[in-house]
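To start, the structure under review is shown below, and the notes come after it.
The numbers here are math on the coordinates, done by the rules we state, and not lab data. Keep in mind it's a predicted model, so treat the numbers as computed, not measured. A quick note on method: Cβ atoms are made from the backbone with ideal geometry, for glycine too, and the neighbour counts reach across all protein chains shown.
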Amino acid sequence: MKTKLTINGKLISVQFSPTDRLLDVLRNYGFTEVKEGCRDGECGACVVLLNEKLVNSCQVLAASAMDADVTTVKGLDAGSAGPIQEAFVDAGAVQCGFCTPGMVLATYALLQENPDPDTGRIRQALDGNLCRCTGYVKIIEAVQLAAERTKRHE
Amino acid sequence: MNKNFNTVGKSVRKIDSLSLAKGNAKFTDDFPLKDALHISILYSPHAHAEILSIDTTDALAIPGVVRIFHHENVPAVLHTTAGQGFPEPSAYDSRMFDSKMRFVGDRVAAVAAETKEAAEAAINAIRVEYRELEPLFDPEKAMEPGAPRLHGDDAKMPIPVKYDSSRNLAAEVEIKFGDLEKGFQEADFVLEDTFYTQYAAHCAIEPHTSAAYLDERDRLVIITATQVPFHARRIVSRVLDIPIRDIRVIKPRIGGGFGGKQEVFLEQLVGLTTWSTGRSCKIVLTRPEVFVSSRTRHPMRVTLKTGVKADGEITALEMDALMNNGAYGSHALTVLSNGGSKVLPLFNKIENIRFIGHTVYTNLPVGGAYRGYGATQTYFALNQHLDMIARKTKQDLVSFIKKWHIKEGETSPVFQALGEGKEGVAQIIKSCKLDECLDKGATAIGWYEKRNKRLKNGPDKVRGVGLSVSMQGSGIPKIDMGAASMKMNEDGSFNLYIGATDLGTGSDTILAQIAAETLDVPVENIIVLSSDTDLTPFDVGAYASSTTYISGAAVKKCAAKIREQVLGVAAKILNTDAGGLTVRESLVTDTKTGKSVSYSDICTYAMYSNDQFQIQASASNIAAESPPPFIAQFAEVEVDTRTGKIRVLKFVSAVDCGQPINPALAEGQVEGAVVNGLSYALTEDYLFDSKGRMTNPRFWDFKIFTAKDLPEMETILVDSYEETGPYGAKSVGEIAINGPIPAIANAVFDATGVRLYETPFTPERVWKRLRKEKYPGS
């Protein structure tokens, strides 16, 4: 099958088989920042923004994403994503880093919706993103730090 | 002790973290390999069976299928998949493909095909005829006469230790000191209890992944998610009969290990595929494959008997451990040994001790290395008994532990008696700040305000606090070796080459900090390249909490040699002798004249001016001892006595890891291990059906913690300095996983007066215990 997708702002023609997930298409076309951790929609390593909504790309059939607008961690606007990534680095929230692109996207989606989330809301927002290295403590701190820095910036 | 550091002790940015956060850093599956073959594996549906025939005719006819490997066409080289030093202290009982299947998930065949679809279709088209054999699931019955036997007479231990495949005995360990009988006679009371821990998965979010290709000179290059690149090269060479000179193993970024990637079982498969077809190839395990067919934490039954005097003195201790290794004997001896060697020295005043352990085979998934490595299992038992003894003798548990634990200047005979496959190494403890850990942790949890209070939070909810103490090691003394080499560049930067393997732990960063400290340069001036068997010197790899202590000391030695050369050139330039020179921020100054020369000018001079040479050095390090880090961990829980649900409200860890090289990374190790341990204590489990099939091989069904499950967490790094470690450091990678199970169990007792003996502490299990003990309202 064939379709055109807008990935990180660029229109790309892609070919795929009917059983392929959006995750497969993205990785096959070199967007390896989208990670595969479980293929069950449980770990969040493969999240992307699909038409501005956070989704597990392993749970989206490629065929259903025809003509869609897809944003990976590399396609986020630098003004919003930069402070999040820097905050993850400064808070010591990156260990193996396999979950981090997904965590950054989940944080981005959260802060778009709620620029000043409390800890409870942060935990809820990250509930779909598994991390086995950090114990989440520094990830939650990173989200708080990113929120603070973004606010200060505005 | 000079603790006036420039870089050590600072939470500098992890050097690879920004590239990871941006999604630029590459993991094994992110390398573009042109026309790589996909590999899929066919697994045994039976727990115990013989393959009578295997027919690949239809499968090979599927377009795109290139090769099918199975026991009839692959050399049967007995080996262990345990990525340990040589000779490995694990049984040679595995073949790449075997005619006998020993668990549901054992490997029948592998298909290499042009596409994933073709490989999967071929897997379904292979016809296998099995003869089912009686399975063995109960480790308690494994050594009974007439029990089904898993391995033949050809299975062997490569080192001279007890091993008997005819009795399904994968390992046996026994040590004894003093007179046990006399010790129990002297006791005023004797406690004897049995504790059970379950199977668990590492759950690194990156699944096991390996890829291979031939380089332009036809050498085999393996890119792989491994903790042990050099052991992987050695094992692949032996199993495939390819000279070591023709193999290069590269570990790129790796998405977590925790011991699971200390196992070499995919590298030989991609090696075989590429070596025999000339094609590049790749395998990425699916999540269910990782759960079932990779490695697990060994379940253990621990029976602990302690004889105690009325004042709390333990007069005798007998620990009997039975470990289930599943179908193959990975780490069977060493995990079992660690259950004693990393645990018993902590209470070194017990004169009469016996540790007896057996590891047995069963037709279940295979055990392997897992953070904590046996100590986690046996600390459950020990810490329960400490709590029981303190209560029975009416002492505060904190003061009781303070009185009896090992102190600076003391030793334990266990250090020497119990090593890794051979005798251990005697050592005297030089740093132990466990008392401070206990005090700070007790304050943080509110120990004295909450202990024995059974505070209620509603009619069915009662609260309690519990404590666990533990120690670990820092590498395997006189066995583990790490090496480093360095060279200088003319801008005053340095390349650092290390075999050490960063799994996400941050070892690349802390090793750079150690080099930067020694040379007095910013961390940015150290360019790290690690874990490439062609480019970096040898290192055993990332396991046994060894990297900071052992590889770190190699880096420090190497950097000191470089510094000497730098000063030598500076002396020449400044026309003085090196003795009068000082270094400050990449500038060498003659204290007499006040004249200075920069690192940049020094290297440029060495490269271009006179008697030219490359400023470079290398160094190796083995450790004479393994100084233990210490930890006190406190849990506050709330038990719903109507449902049995345990909620951990707060968890405090106070750790003595020596001088932390990078405090944020050290805290991260503790926090990660704690949450892994909490999840192991409360929810994680392998569920099997009657045929030995795992029924829940998914994150959510196995149930690992998410951010929502987190209690309030506090991590305290106490002030400490280990004189034998690089800049005072000890290890911190494993220790913190030991505490959650016993601290929670002790807290549940504090809340309810009911003891828990079996993990995980699911609501159902806790509720049953409350009912059995007739807890009101349960």
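For chain B, what relative contact order do you get, as a whole percent, if you take Cα pairs closer than 8 Å and at least 6 residues apart?
Details: 2018 pairs, mean separation 113.9, N = 778.
In percent, rounded to a whole number, it is 15.
Can you tell me which aspartates and glutamates have their Cα less than 16 Å from the Cα of B:LYS282? Leave out same-chain residues fewer than eight positions away.
Answer for B:LYS282, where 16 Å is the Cα cut-off: A:ASP24, A:GLU36, B:ASP29, B:ASP30, B:ASP35, B:GLU114, B:GLU117, B:GLU120, B:GLU206, B:ASP215, B:GLU267, listed by chain and number.
Count charges around A:LYS2 for me, please; just the other residues with Cβ under 15 Å from its Cβ, Lys/Arg as +1, Asp/Glu as -1. It would help to have the intermediate numbers written out before the result.
Working: positive: A:LYS4; negative: A:ASP20, A:ASP24, A:ASP67.
That sum, taken over residues with Cβ under 15 Å, equals -2.
What do you get for the angle between helix A:78-90 and the principal long axis of chain A? Use alpha-carbon atoms, 0 to 90 degrees, nearest ten.
Helix A:78-90 sits roughly 60 degrees off the main axis of chain A.
Relative contact order of region A:76-153: what whole-number percent is it, with Cα pairs under 8 angstrom and at least 6 residues apart? Can you show the working numbers first?
Numbers: 76 pairs, mean separation 37.8, N = 78.
Answer for region A:76-153 is 48 percent.
Label B:GLU423 and B:ASN4 with points 7 Å out from Cα along Cα→Cβ: what is the distance between them in nm?
It is 4.4 nm.
Name all residues of region B:21-55 having a backbone nitrogen under 12 Å from the label point set 7 Å from the Cα of B:LYS116 along its Cα→Cβ direction, giving them as ranges.
What the label zone holds, given the 12 Å backbone N cut-off, is B:38-40.
For a quick check of your reading of the filter: which trypsin sites (Lys or Arg not before Pro) in region B:155-209 sit in a DSSP loop and have no more than 16 other Cβ atoms within 10 Å? Provide the component values of the computation, followed by the final result.
Details: sites: B:LYS156, B:LYS162, B:ARG167, B:LYS176, B:LYS182; in loops: B:LYS162.
Hits after loop and neighbour filter: B:LYS162.
Restricting to DSSP H runs of at least four residues, report the calculated mean residue ellipticity at 222 nm for the protein assembly as shown, -39500 (n - 2.57) per run over all residues, nearest 500 deg cm²/dmol.
On the way: 25 runs with 265 residues, N = 932.
My calculation for the protein assembly as shown gives -8500 deg cm²/dmol from helical runs alone.
Within region A:10-27, name every residue whose backbone N is under 13 Å away from a label modeled 7 Å from Cα of A:ASN51 along the Cβ vector.
The answer is none.
Among rounded, prolate and oblate, which fits region B:319-472 when a ≥ b ≥ c are the square roots of the eigenvalues of its C-alpha gyration tensor, a/c under 1.5 means rounded, and a/b larger than b/c means prolate? Walk me through the intermediate numbers first.
Values: a/c = 2.40, a/b = 1.40, b/c = 1.72.
Oblate, because a/c is 1.5 or more while a/b does not exceed b/c.
Can you give me the distance in nm between label points at B:LYS768 and B:ASP35, each placed 7 Å from the Cα along the Cα-to-Cβ direction?
Simple spin-label model gives 5.8 nm for this pair.
Based only on the alpha carbon positions, what is the Kirkwood hydrodynamic radius of region A:76-153, in angstrom?
Details: mean 1/r = 0.0833 Å⁻¹.
With all distinct Cα pairs of region A:76-153 included, I get 12.0 Å.
I need the trypsin sites (Lys or Arg not before Pro) found in region B:711-778, filtered to DSSP loop residues with at most 10 other beta carbons within 10 Å of theirs.
Values: sites: B:LYS730, B:ARG755, B:ARG765, B:LYS768, B:ARG769, B:ARG771, B:LYS772, B:LYS774; in loops: B:LYS730, B:ARG755, B:LYS774.
Passing sites in region B:711-778 are B:LYS774.
Estimate the FRET efficiency between B:ASN124 and B:ASP218 by the formula 1/(1 + (r/R0)^6), using the beta-carbon distance for r and 45 Å for R0, to the nearest 0.05. Before the final figure, lay out each step's value.
Numbers: r = 34 Å, r/R0 = 0.75.
Between B:ASN124 and B:ASP218 the formula returns 0.85.
What is the distance in Å between the Cα centres of region B:564-582 and region B:235-259?
Value for the Cα centre distance between the two parts: 43 Å.
Which residues in region B:547-573 place their backbone N less than 14 Å from a point set 7 Å from the Cα of B:SER596 along the Cα-to-Cβ direction?
The answer is none, because no backbone nitrogen lies closer than 14 Å to the label point.
How much net charge surrounds B:LEU304 when only the other residues with a Cβ under 9 Å from the Cβ of B:LEU304 are counted, with Lys and Arg +1 and Asp and Glu -1? Don't skip to the answer; put the middle values down first.
Values: positive: B:LYS305; negative: B:GLU192, B:ASP193, B:GLU318, B:ASP320.
Every neighbour counted, the sum reads -3.
With springs only between Cα atoms under 10 Å apart, run a GNM on chain A and tell me which of A:PRO83, A:PRO117, A:PRO101 wobbles the most.
A:PRO117
So what's the net charge close to B:ASP534: Lys and Arg +1, Asp and Glu -1, counting the other residues with Cβ under 13 Å from its Cβ?
Values: positive: B:ARG217, B:ARG219, B:ARG233, B:ARG245, B:ARG248, B:LYS251; negative: B:ASP215, B:ASP246, B:ASP532.
Counting the neighbours of B:ASP534, the net charge comes to +3.
Could you work out the relative contact order of region B:339-475? I mean the mean sequence separation of Cα pairs under 8 Å and 6+ apart, divided by the number of residues, in percent.
Numbers: 120 pairs, mean separation 38.9, N = 137.
Taking the mean separation of contacting Cα pairs over the length of region B:339-475, I get 28 percent.
Could you please state, rounded to a whole Å, how far the C-alpha centre of region B:261-293 is from the C-alpha centre of region B:651-726?
28 Å
Report, by chain and number, residues whose modeled amide H sits under 5 Å from the one on B:THR315, excluding near sequence neighbours (fewer than 5 apart, same chain).
B:GLY307, B:VAL308, B:LYS309
Using r as the Cβ-Cβ distance of B:VAL77 and B:ALA624, and R0 as 35 Å, what FRET efficiency do you calculate, to the nearest 0.05?
Details: r = 35 Å, r/R0 = 1.01.
Working from the Cβ atoms, E equals 0.50.
Note down the nm distance, to one decimal, between modelled labels 7 Å out along Cα→Cβ at B:VAL190 and at A:LYS74.
Modelled inter-label distance: 6.8 nm.
Stretch B:GLU132-B:ALA61 to full length: gain in nm at 0.36 nm per residue minus the Cα-Cα span?
On the way: separation 71, 0.36 × 71 = 25.56 nm, distance 2.83 nm.
Additional length available on full extension: 22.7 nm.
Between B:ASP491 and B:ASP246, what's the calculated FRET efficiency when r is the beta-carbon distance and R0 is 35 Å? Round to 0.05. Walk me through the intermediate numbers first.
Working: r = 36 Å, r/R0 = 1.04.
Once the sixth-power term is evaluated, E becomes 0.45.
Report, to the nearest 10°, how far helix A:100-113 tilts away from the longest principal axis of the Cα atoms in chain A, using its own Cα long axis and a range of 0 to 90°.
Compared with the principal axis, the helix lies near 70 degrees.
List the GluC sites (Glu not before Pro) in region B:721-765 that DSSP assigns to loop (not H, G, I, E or B) and whose Cβ has at most 15 other Cβ atoms within 10 Å. Which are they?
Values: sites: B:GLU722, B:GLU723, B:GLU734, B:GLU758, B:GLU764; in loops: B:GLU722, B:GLU723, B:GLU734.
For GluC sites (Glu not before Pro) across region B:721-765 that sit outside H, G, I, E and B with at most 15 neighbouring Cβ atoms in 10 Å, the list reads B:GLU723.
Once you have a ≥ b ≥ c as the square roots of the Cα gyration tensor eigenvalues for the protein assembly as shown, tell me rounded if a/c is under 1.5, and otherwise prolate or oblate according to whether a/b is larger than b/c.
Details: a/c = 1.28, a/b = 1.06, b/c = 1.21.
Rounded, since a/c falls under 1.5.
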